[in-house]
Amino acid sequence: MSLLPTTSIANIAGHVGQTVTLAGWVYNKTEKGKLVFIQLRDGSGTIQCVTFKKQVSEESFAAAQQLTQEASCRIIGSVRTDERAPGGFEIDVQEVQAVGASHDYPISPKDHGVEFLMEHRQLWVRSAKQHALLRVRAEVIAAAQEWLNSQGFVRFDSPILTATAAEGTSNLFATDYFDLGKAYLAQTGQLYVEAGMMSFGKVYCFGPTFRAEKSKTRRHLTEFWMIEPEVAFATHEDNLVLQQNFVSAIVQRVLERRGEDLKTLERETSVLERCQPPFPRISYDDALKLIEASQGEVEGATPIPWGEDFGAPHEQLIAAKFDRPVFVERYPAAIKAFYMEPDPDRPEVALCADLLAPEGYGEIIGGSQRIHDPLLLEQRIRDHGLNIDDYQWYLDLRRYGTVPHSGFGMGIERAVAWITGTRHIRETIPFPRMLYRIYP
Ligand code: 4AD
Ligand code: MG
């Protein structure tokens, strides 16, 4: 015998008038005399199941009465349309089979603090809002990969345990690696996808990345997921066009397929609907001027001298000037990673861009054209105080058939936070890892 349901709630519309078996958990339950109303959720949706004492066996009615919040059960009943029901359908119950009990479920409908909910993350993921958020996350990931696949990209997985730093040496997680010294958890897969790019032309990696960031902000995780495309013969210009098409395709697919979830999250969607190419661009230099001219508009967005990086308030201010995501391009090379190609007309700036999301969500993409000249790359590695021996394999990519090339990395959680309108990034991943959280 199989315990599988015959129908998932999401497909209930195709079963009106039929008897179906549902299997799931009790979201809510109310009793009224001879009636027990069970809000059943099965992961695909929620539906009200009406148990009428006269229409079921004594065992079934007792089972229905004993159900509590988040108890699991199987329900057999017939599907009926009901205009007053939230989804438009209800179940007239014929049989209730209890499966797993749930006594004193810790998360009640009343308001809990976020710390309490985070301590119970393993249960919190069942709640309607968290469920919608993580659904959108899954859609963003699927959309990103499928869009790249449709454009001829090949997925090329990069290692998590690495011998080298790629995004600075200050935020590395280190571990002992047998007799070979230290290994570091990957901050990015980029250097490795560059090898893949020389084999396949267009590649991407997708996986968890790690930064031992001591920052306790609403935008930083120590473990986050990044998707990183890399394209041979692509210039900085080509890179920006790819990014705007990529981001728009993902956002439009979420609008098309996850409208219900966005509604659950009370997301204002007009800003998402506007997310169409081309995206506006502003240079780092002009962004400095904009900040200078907009003093007092955003708290903390005080003018900064040329050569310094933006803080969150600066990014918020810049983004607020545009109605869709905006590229900030050509940052001072000195504040960016060692591998970025200098602008040939102005070597003090790099051919790079950060994509800032609207509404204060900040940077969701970092990308650049890469240095393809072996001597310049070697120089930059030394200038950054990195050990040249660790990068011989990477320099080989420039020694054998080097080409101009570009790529970028989009942080999944930052993108999901923006798309869903979630203030804090910690809710956009099933089990967030932060400075002060590694449980559960
Ligand atoms: O700008 P970043 O550091 O760029 C890179 O790692 C490049 N190697 C990517 C590439 O060109 N292939 O990080 C890229 C993105 C950021 O824009 C942000 O979305 C996300 O990764 N990110 C983080 N997300 C959550 N928590 C953190 N601590 C993050 N650090 C970066
Ligand atoms: Mg960045």
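So which helices of the chain fit the span-like rule, where a helix is a whole DSSP H run, its Cα atoms reach 18 Å or more along the axis, and its mean Kyte-Doolittle is at least -0.5? Span-like helices in the chain: 128-150, 236-257.
Bridgeable aspartates and glutamates around LYS321 (alpha carbons under 14 Å apart, same-chain partners fewer than 8 residues away excluded): ASP286, GLU292, GLU297, GLU359.
Residues in the range 9-100 average 50 Å² of solvent-accessible surface per residue, probe 1.4 Å, ligands and nucleic acids excluded. Taking Lys and Arg as +1 and Asp and Glu as -1, the other residues whose beta-carbon sits under 14 Å from that of ALA334 total -1.
Taking square-rooted eigenvalues a ≥ b ≥ c of the alpha carbon gyration tensor, is the chain rounded, prolate or oblate, where a/c under 1.5 means rounded and, failing that, a/b exceeding b/c means prolate? Write out the running numbers ahead of the final one.
Values: a/c = 2.37, a/b = 2.10, b/c = 1.13.
Prolate is the answer for the chain, as a/c is 1.5 or above and a/b outweighs b/c.
Here LYS53 is the anchor, and the lysines within straight C-alpha reach of less than 26 Å, apart from those fewer than 8 places off in the same chain, are LYS29, LYS32, LYS34.
Bridgeable lysines around LYS202 (alpha carbons under 25 Å apart, same-chain partners fewer than 8 residues away excluded): LYS336. Can you tell me how the range 1-94 classifies by the Cα gyration tensor, rounded, prolate or oblate, using a/c under 1.5 as the rounded cut? Since a/c stays below 1.5, the shape of the range 1-94 is classed as rounded. Bridges between two residues of the chain, per DSSP, are antiparallel at a rate of about 90%.
Considering only alpha-carbon pairs that sit under 8 angstrom and 6 or more positions apart, the relative contact order computed for the chain is 13 percent. Rolling a 1.4 angstrom probe over the protein chains, ignoring ligands and nucleic acids, what is the accessible area of THR46 in square angstrom, nearest 10? Spelled out: THR46, probe radius 1.4 Å, area about 70 Å².
Considering only protein heavy atoms and a 1.4 Å probe, what is the carbon-and-sulfur percentage of the accessible area of the chain? In the chain, the share of accessible area belonging to carbon and sulfur is 51 percent. Anisotropy class assigned to the range 53-134 is oblate, per the alpha carbon gyration tensor with a/c at or over the 1.5 cut-off and a/b no larger than b/c.
The values are calculated or read from the model by the stated rules, or taken from the named source; none is laboratory data. Owing to the predicted nature of the structure, the values given are computational and were not obtained by experimental measurement. Cβ: placed from backbone, ideal geometry, glycine included. Neighbour counts: every protein chain shown. With ligands, DNA and RNA removed, areas are computed over all heavy atoms of the protein, side chains included. Shrake-Rupley method; radii C 1.70, N 1.55, O 1.52, S 1.80 Å.
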